[in-house]
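Peer 1: I'd like to ask some things about the structure below.
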Amino acid sequence: MGIETQKTFCRFCHANCAMIVDVEVTGDGTRKVVEVRGDPDDPAYGGYTCLKGRELPDSHNAEHRLKHSLVRNEAGEFVETPMDDALAHVADELRRIINEHGPHSVAVFMGSGGFQNSAAMAASLSFAQGIGSRNFYTSVTLDQPAKVYTTMRYGRWMGGPNTFSESDVAMFIGNNPVVSHYAPVGGVPPFSPSRRIRDRQAQGMKLIVADPRESDVARLADLYLPVKPGEDPALLAGMLNVIITEEIYDRNFVAAHVDGFDELARAVATMTPEVAAERAGLEPDQIIAAARMFAGGTKGCAVTGTGPEMAGNGTLTEYLVTCLNTVCARFKQEGEKAAIPGVFTPQQGPRRAQVAPPVPMFGAEGMPKSRFRGLGHLGWEMPCNVLADEILTPGEGQVRAFISVGGNPVVGFPDQQKMVRALDDLDLFVQIDPWMSASAKRADVVLAPSQCLEREDITNLSEWWHEEPYARYVEAVATPPGDVIDEWEMFWTLAKHLGTPMNLAGGPLPMDRKPTKEEFLDLSVAGCLVPPSQVRRDCAANAGAAVVYSDKHPLVDPADKGEFHRFDLACGDMPAAILRYADNPPLKAGYDFKLISRRSKTRFNSIGHPLKKLQEKTTTNPAYIHPDDIAALGLVEGGIVEISSPHATIHGVVKASDKVRRGLVSMAHAYGDADASKEDVRTRGSSTNRLTSDTVDIDPITGQALQSAIPVKLVAA
Ligand SMILES: Nc1nc2c(c(=O)[nH]1)N[C@H]1C(S)=C(S)[C@@H](COP(=O)(O)OP(=O)(O)OC[C@H]3O[C@@H](n4cnc5c(=O)[nH]c(N)nc54)[C@H](O)[C@@H]3O)O[C@H]1N2
Ligand SMILES: Nc1nc2c(c(=O)[nH]1)N[C@H]1C(S)=C(S)[C@@H](COP(=O)(O)OP(=O)(O)OC[C@H]3O[C@@H](n4cnc5c(=O)[nH]c(N)nc54)[C@H](O)[C@@H]3O)O[C@H]1N2
Ligand code: SF4
Ligand SMILES: [Mo]
């Protein structure tokens, strides 16, 4: 018996912090994780970890982790079942359902617990495509779909945006990377984010933060704007009004690369600082100061997080952010290093100082449609908004079988009660989950996967934050307990049983023999800068540490004059949507408060609920409310508040915070399972998605539900 120390990276969340892991090796060769800590020698992370990542040993070793798969028997009880048998059973059921109802009757959902496995996205997507089902879903459409799918319409700069490390100004709108470790490209990389922000500020960078509560990152801001939730379009259009009126945008860049500028200028002309400030709940001077600070910089982007995308008007907000960055020309120029080299990202195309040809990401001829609300495929996926209806509504294409890999639809999806009804209505619900989560409890089959330190992985998920060509291929360091396997192996086995193909970027996966994970990864990112198998060898030669392929960093080439495209700021419904927004102030209709979303420091969505130390920190998602509102409503700190939307009622434990604007309640999601009540809200929290709807106030293009800025009433319970 002895302790071995190895280098690895954390996969509790997408940040992939570099870690050192101590593994206890017993006489029979079993390897058990005993401790993890940050790796101070890593060039990007420098030893940073957070309190969730430090619980990886508990996550791997917990008694109540599922070490065997579960299949319900005739009496409806879960029975521990060998993985091979469980997969054969699922395949038999899928075959029967496909024969009866056709391929679209099988839906696959990749949730945020699946994204942390570098092979799961490619495996689940190619599995669904191999069956021929249009019903592939990911948590991207519960999250920030407008960023991914609609901004492509207005134009994408092939050299990429300015990066954080070169910025002299940055603007974060409803993004709190200090807790979330998330930012879009151009925002702060999630590796030690507060230190990174302070270091840039020490070198002169100015930070603007817009958030209805003074979030952790807002406390670092040079200019903090406590914008009203859902009213970011007023703030952004007001800033554009100032920037255009004062002519402090980049006129040369606009002349050379931008169409639709005059239409934009006309639309924002109505949003004077006074009009915008009134709507956004700010002072006119704050909007003028933000505009001058942003446009006064030379490099640096405005970026948004989940807050404004979920607060209604997500597409309009993203469009206006695109406009800000475009008229201020916040892009990499000819001869500079491309923004994000992306070692493992296939098919990136050339990096040039010009706008890319438009990509039809939704609504194009031939793209699959849902049966509901005029919604259809965004890229390759169906918006989550329609899943419950696709399950519950009989007819051609009704979903009868559902596989959720690392998702928790009971708490993650809008209209919780409807989603629960839908899950219970399925002929087959398969949940791939190491825990008896809110969704696993309702499944017909729970497949138990290996956890991150028990598998090989590459850093494909986190690489959009790496400004250098940083890459890792890590080995499995711990022995998987019981009878668990990697998620991609489950999909491969199911496809083999069904006789359906799995096509990856580099071609079909062999089905006559089981490929290795290295083969899988090589095929899944074929065409990338350095293949995973090569990175694996290079990391091994570097004692398991990261390799930075500096010589492969692409430079931004001159524009190709033969193929010239321009940004189109007057595309689709824009900028007319600004005028519609201006003409339609929100109605209160008896709901005087708004519930806004935030992240829990001790959980990753619902991931982490079962872990001891994280439970010691909190077992609930408190309802943060301004002390003056607490007094005015007759609530008490630590008491229970009843929170009702037009849709349903939940409970929350009252916590006073003068950081939250008045008129708001700020709560994390993904707590409380399907049935937490007033009696047990202190020990389980409650699900804010019971308050949301999949039909009212949804984004017409992406289907994004109103998951923040939800109109609510508060009463003492
Ligand atoms: N009201 C409201 N709703 C929201 C949000 C909000 O802010 N407000 N946020 C939205 C966002 S941004 C997202 S991304 C979604 C998230 O929605 P989902 O992705 O559906 O939910 P998660 O809670 O992340 O589900 C993770 C599941 O993975 C399991 N899991 C943990 N580790 C592993 C593993 O190693 N392998 C596998 N296979 N499974 C694992 C967990 O037990 C859990 O069941 O929620 C969305 N819903
Ligand atoms: N610890 C932890 N980390 C996580 C997660 C987690 O659950 N816990 N979830 C992960 C996931 S899936 C994602 S997608 C990312 C999300 O990453 P972020 O988008 O950074 O998420 P938040 O930290 O909730 O920050 C959103 C901010 O928006 C504010 N906000 C709410 N409504 C509005 C609005 O209408 N306008 C404006 N301007 N602001 C608003 C909230 O107060 C909050 O501070 O985080 C990831 N990281
Ligand atoms: S930030 Fe994410 S990747 Fe880093 S230690 Fe925390 S959970 Fe792990
Ligand atoms: Mo997310």
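Every number here is computed from the coordinates shown, using simple stated rules; none is lab data. Because the structure is a prediction, the values reported are computed rather than measured. Quick reminder, even Gly has a Cβ in these numbers, built from the backbone with ideal geometry, and neighbours come from all protein chains shown.
Peer 1: Does region 512-606 come out rounded, prolate or oblate by the C-alpha gyration tensor, with a ≥ b ≥ c the root eigenvalues, rounded set by a/c under 1.5 and, if not, prolate when a/b is larger than b/c and oblate if not? List each step's numbers first, then the result.
Peer 2: Working: a/c = 2.87, a/b = 1.58, b/c = 1.82.
Oblate shape, in that a/c is at least 1.5 and b/c is the bigger or equal ratio.
Peer 1: Oh, and also: Test of understanding: ordering 647, 60 by Cβ neighbours within 10 Å, fewest first, what list do you get?
Peer 2: Listed from fewest to most nearby Cβ atoms, that is 647, 60.
Peer 1: Could you give the C-alpha radius of gyration of region 404-488 expressed as a fraction of 2.2 N^0.38 Å, taking N as the number of residues it contains?
Peer 2: 1.38
Peer 1: Fewest first, what order do 228, 612 take by the number of other Cβ atoms within 10 Å?
Peer 2: 612, 228
Peer 1: For region 70-106, state which trypsin sites (Lys or Arg not before Pro) are in a DSSP loop and have at most 15 other beta carbons lying within 10 Å of their beta carbon.
Peer 2: none
Peer 1: Find the relative contact order for region 162-331 and round it to a whole percent, using C-alpha pairs within less than 8 Å whose residues are 6+ positions apart.
Peer 2: 33
Peer 1: I'm checking a number: the convex hull volume of the Cα atoms of the chain, normalised per residue, in Å³. What is it?
Peer 2: It comes to 154 Å³ per residue, whole-number rounded.
Peer 1: Further, regarding this structure: Relative contact order, percent, of region 587-716 when contacts are C-alpha pairs under 8 Å separated by at least 6 residues?
Peer 2: Once normalised by length, the contact order is 35 percent.
Peer 1: Compute from the Cα atoms of region 587-716 the Rg and the Dmax, the latter being the longest Cα-Cα distance, and quote both in angstrom.
Peer 2: 14.3, 44
Peer 1: Three principal axis extents, largest first, for the C-alpha atoms of region 162-331, in Å?
Peer 2: 41, 33, 26
Peer 1: Next question, about the same structure. Can you give the % of DSSP beta bridges in the chain that are antiparallel, to the nearest 5?
Peer 2: Here the antiparallel bridges make up roughly 55 percent for the chain.
Peer 1: Using the 10 angstrom Cβ neighbour count as an exposure proxy, how do 263, 396 rank, fewest first?
Peer 2: Final ranking by Cβ density, sparse to dense: 396, 263.
Peer 1: Relative contact order for the chain using alpha-carbon pairs under 8 Å, separation at least 6, rounded to a whole percent? Provide the component values of the computation, followed by the final result.
Peer 2: Details: 1653 pairs, mean separation 134.3, N = 717.
Rounded, it is 19 percent for the chain.
Peer 1: When N counts the residues of region 2-65, how does its alpha-carbon radius of gyration compare numerically with 2.2 N^0.38 Å, as a ratio?
Peer 2: 1.14
Peer 1: Something else about it: Considering only DSSP beta bridges with both partners in region 587-716, what is the antiparallel share in %, to the nearest 5?
Peer 2: Taking every DSSP beta bridge within region 587-716, about 65 percent pair in antiparallel fashion.
Peer 1: Calculated from DSSP H runs of 4 or more alone, at -39500 (n - 2.57) each and per residue, what is the 222 nm mean residue ellipticity of the chain, nearest 500? Don't skip to the end; give the middle numbers.
Peer 2: Numbers: 23 runs with 199 residues, N = 717.
For the chain, the value works out to -7500 deg cm²/dmol.
Peer 1: From the P(r) of region 115-185, could you give the percentage of C-alpha pairs in the tail past 20 Å?
Peer 2: 53
Peer 1: Mind checking region 306-381 for GluC sites (Glu not before Pro) that DSSP puts in a loop (not H, G, I, E or B) and that have at most 16 other Cβ atoms within 10 Å?
Peer 2: Taking region 306-381 and a limit of 16 other Cβ atoms within 10 Å, the loop GluC sites (Glu not before Pro) found are 334, 365.
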